[in-house]
Structures are given as structure tokens and as C-alpha cells.
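The values are calculated or read from the model by the stated rules, or taken from the named source; none is laboratory data. Computed from a predicted model, the values in this text were never measured in an experiment. Cβ sites come from the backbone with ideal geometry, for glycine too, and all protein chains shown count toward neighbours.
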Amino acid sequence: MERVRRRPVFPKTPQTRRIKVLTLGCTGVGKSCLIKRYCERRFVSKYLPTIGIDYGITVWQPAEQAASGSAQRRQSTSASGTTAGSSSSSSSSSSAASGDALVRVNFFDTSGDDVYYSVRNEFYEYTQGILLVFDVNKRRTFERLNDWLEEMSNEMGQAAMQQCCVVVCANKVDVEPASQPATREGKRTTAQPIPPSQRAVSLGEAQLWAESHGYRLFETSAQTGNNVAEAFHALFAAALSVAGMADVPANVNTVTPRFTKDDLDAVTRVLAAKSDHGALGIGAGSDAAEVQRAFRALAGKIHPDKNQAPGSDDAFKRVLQAKDALLAGQANAA
């Protein structure tokens, strides 16, 4: 009896989808370092400015976002290219377990130098995600975010810009202690968060700007890896979601601001006060009744249940402490 030959059964190859991502921001804000940290899980301290634009690829598995969070279980291989005179720094292509659909992310890492505008503007077309980066230690890079939005609008058109997912990175929220030696590539750093008083751009300012434009904000550090994977995954997921829509809404960036500029200003003023009277916004000769009135008025503005600006909890504790201290002082004087 003749044996029937059966064809071998091969596992199904996961379907690969594609999204195009651009990085934008001023020179030196850490765009390339964020990509390298995400793709290669390492930090390069030597600054090499991007020339023109760099191109790289990574493969992302959506299930990886939920399974590993910031811990990226990937084995990366270099996959970089250069375009229009760009430098040759590498991005990576990471392997992912089979079973779930994969997403091929095409990175276009742009130079923030105005000299390369004529190179950069060739790559806006068909972009689905933008990582907009500034340095929390350089206020000018934050103030120029509006210039980048204007460039996006000019090159993409307002309609396409509003259908492109944007994530904002407040980068370099770390500081390397002067007593520590330079960190070698690939080794865990000893960097610590920058104290709020030493930052050129506060969390509240950055969050208010991002949310007022409908964008999500992440405070990131390429040096420590803080929030880097979370920022990239949020951008990939949003871009992928939009790419799969049959009818894309007019604006896909719909984050709602959680506080106003007045909310932020009230909190900032209290935290910056040098005295108890200053915290309550009253004169040095105010009596107990004036102290109580000032406290009630401020409490209604900065209580964390009513004010979602960063620091509102500390501001409320500060005015409560100021009120108690002033009333106790007046009682003792009497």
C-alpha cells in the first residue's frame, strides 16, 4: 500500500503592521538617546548631534506593553540607515514571541538644527506618530515647542497634523552627582531626580502645555530609563489604534486638561512663599480673622480635591501650617 505523504505544517507567521514615527525637538534635548535607550536598553553619555536625519526600525509586540511594562524582554539587533547626509547611529530591531500581531515601527530621528530644515521637512508625509521632546533644564527648548507645532502644521497640513498622534517627553529629569565618576555605557546609573526648584521647566507648566493641546506628557530620562518604555508604548498604541480606524476622527489627540493656569499659579505662589504671611497672601499685621478668611479663600482654590495641578497637596499643607502657626503666635502674644 502506497504511503500518503503529508505536507509539513508550519506555524503561522504573525502578521506585521507598520507605523511611521518622527522625533522632533531642539538640538541636544535627547531624542536620539531616548531611541537608543528604548531599542538597545543603554545610555550613551557622549553627545553626537544627529546630522540631517537617522532612520531605524524596531519591532514592537503590543502584548509586550502589558506583559512587561518598562522591563523590555527583547534581544535587539542593529538596523540603521542614513538619509540625506545623516549620521550613522543605530536603532534596533527587536525580536518578539510569536502568536500576536507584530508592529514594525519605522523611526525617523530628525535633527533639531534649523540648518537641516530642508532635510527634515521631506519626512513629515504619512507620519502617524510624533515624539515631541524638550529638556527640562533648558527653558528655551520648552518655549520652542510652539515653533515645532507650527512647523508640523506647515509641512503636514492642519488636518493631517490633528490626525497624527503626539506624545510629549519632558526629558532629562535626572542629575548625575558630581562626586560620581562618568557612567559607562550599559551600566546602571546613580542619577537622581532633579529637585523641582532646580528645574527650568516645572511639571505643572509642561503638563498644562501638553494637555491644552490634547497630548500626553511623560517625564523621561534616557540616562536612567525612567518612563522611556511607557512613552514609546503609549505613542505606538495610539498610532496603531488610529491606523486601524475605518473612519479617523478629525482630532485624535484628545487629552483633556485637568487644571487651569490659574490653578497652577495659585499652587506655585504658595510653594514659592518665603513666610507664613506670604503663603496666605496677607500682610504682616493681619489679625486672626484675616488669617482665617485668607485660609478659607485659599483652601477653596488649592485643595487637592478641587485643584489637580502638580503640588496642590503640598501647597494645601503649607497654607494649613501657615494658618496654624500664625494663629498660635497671636494666641501666645495675647
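Could you check how many residues of the stretch 275-296 are surrounded by 13 or more Cβ atoms within 10 Å (Cβ to Cβ) and assigned to a helix (DSSP H, G or I)?
12
Those residues that are closer than 13 Å to L34 by Cα and crowded, with 21+ Cβ neighbours inside 10 Å, I need them from the stretch 230-241; list them, please.
A231, F232, H233
Give me the residue from the stretch 103-141 that is of a type in the set (D, E), outside any strand (DSSP E or B) and in contact (Cβ under 8 Å) with a residue 24 or more places away in the chain and, out of that set, farthest from G28 (Cα to Cα).
E125
With the structure loaded, tell me whether E205 is at pLDDT 95 or above and surrounded by fewer than 19 Cβ atoms within 10 Å (Cβ to Cβ) or whether it fails that test.
no
Might you check whether a residue that is modelled with pLDDT under 85 and of a type outside the set (S, T, N, Q) occurs anywhere in the stretch 102-123?
Checked against the condition, which is being modelled with pLDDT under 85 and of a type outside the set (S, T, N, Q), the stretch 102-123 yields no hits at all.
Here is a check on your reading of the model: is V255 of a type in the set (A, V, I, L, M), outside any helix (DSSP H, G or I), within 28 Å of the chain's Cα centre (by Cα) and over 28 Å from I194 (Cβ atoms)?
Judged against the criteria, V255 is not a match.
I need a count of the residues in the stretch 242-258 that are touching a residue at least 60 places away in the same chain (Cβ under 8 Å) and either touching a Pro at 6+ places or on another chain (Cβ under 6 Å) or buried (at least 16 other Cβ atoms within 10 Å of the Cβ) (or both).
Final tally of qualifying residues: 4.
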